[in-house]
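The values are calculated or read from the model by the stated rules, or taken from the named source; none is laboratory data. Note that the structure is predicted; figures quoted are calculated from it, not measured. Heads up, the Cβs are rebuilt from the backbone with ideal geometry, glycines too, and the neighbour counts pull from every protein chain shown.
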Amino acid sequence: MTQTARREQIIPPAAQVLYDNYHFAPATRVGDMIWVSGQVGIDDAMRTGVGMTAQARLAFESLKRILETAGAELSDVVELITFHTDLRGDMAEFSKVKDAFFPDRYPSWSAVGVTQLAQPDFLVEVRAVAVAGSGRA
């Protein structure tokens, strides 16, 4: 059996410091597959959004930017996994934001209720798997 070298690309390249120091990449691309780590509701200044709508919007905007850096777009997302600290209470509000970012071509989606996320003020975390170019088909 021959061994194939895995060609892995850390996205974005500037995230090498996260990879080295904290042992994770915001996203990893192997071939056309892209795995995006959990995105939370923080802005570029690392301030947490106030409320579910703001946090969900910031998380999806971050997901979109990372996918674009990886050579993909939201329509290429094939799987979405979301983690919620108040799954039942926030689902309607969260779904409105999600549907604005995914108005059609819905990905597979699992929503998971959790007791806590990385910071006490985080309400939601969004991670995704995409296949670059599949949304254009």
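Per-structure values
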| item | result |
| --- | --- |
| Out of Ser75, Ser62, sole residue that is part of a helix (DSSP H, G or I) and closer than 16 Å to Trp109 by Cα | Ser75 |
| Test: Asp44 is at pLDDT below 90, of a type in the set (D, E, K, R) and over 16 Å from Arg127 (Cα atoms) | yes |
| Residues of region 27-74 satisfying the condition of being among the basic types (Lys, Arg) and in contact (Cβ under 8 Å) with a residue 60 or more places away in the chain | Arg29 |
| Residue match in region 79-86 (condition: assigned to a helix (DSSP H, G or I), more than 21 Å from Phe24 (Cβ to Cβ), among the acidic types (Asp, Glu) and at pLDDT 95 or above) | no |
| When residues of region 60-101 are limited to those that are in contact with a Ser or Thr (Cβ under 8 Å, 6 or more places away or on another chain) and of a type in the set (A, V, I, L, M, F, W, C), the one farthest from Gln39 (Cα to Cα) | Val78 |
| Any hit, region 104-114, residues being among the basic types (Lys, Arg) and farther than 15 Å from Ala59 by Cβ | yes |
| Residue within region 51-69 that is on the phi > 0 side of the Ramachandran plot and in contact with a helix residue (DSSP H, G or I) (Cβ under 9 Å, 6 or more places away or on another chain) present | yes |
| Yes/no for Gly71 being within 26 Å of Arg136 (Cα to Cα), surrounded by 13 or more Cβ atoms within 10 Å (Cβ to Cβ) and over 14 Å from the mean Cα position of the chain (by Cα) | yes |
| Filter result (part of a loop (DSSP other than H, G, I, E, B), among the aliphatic types (A, V, I, L, M), touching a Ser or Thr at 6+ places or on another chain (Cβ under 8 Å) and surrounded by fewer than 17 Cβ atoms within 10 Å (Cβ to Cβ)) within region 102-118 | Val114 |
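Per-residue answers, yes or no, for (1) assigned to a loop (DSSP other than H, G, I, E, B); (2) at pLDDT 90 or above:
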{"residue": "Gln16", "(1), (2)": "no, no"}
{"residue": "Ala25", "(1), (2)": "yes, no"}
{"residue": "Thr28", "(1), (2)": "no, no"}
{"residue": "Leu58", "(1), (2)": "no, yes"}
{"residue": "Gly71", "(1), (2)": "yes, yes"}
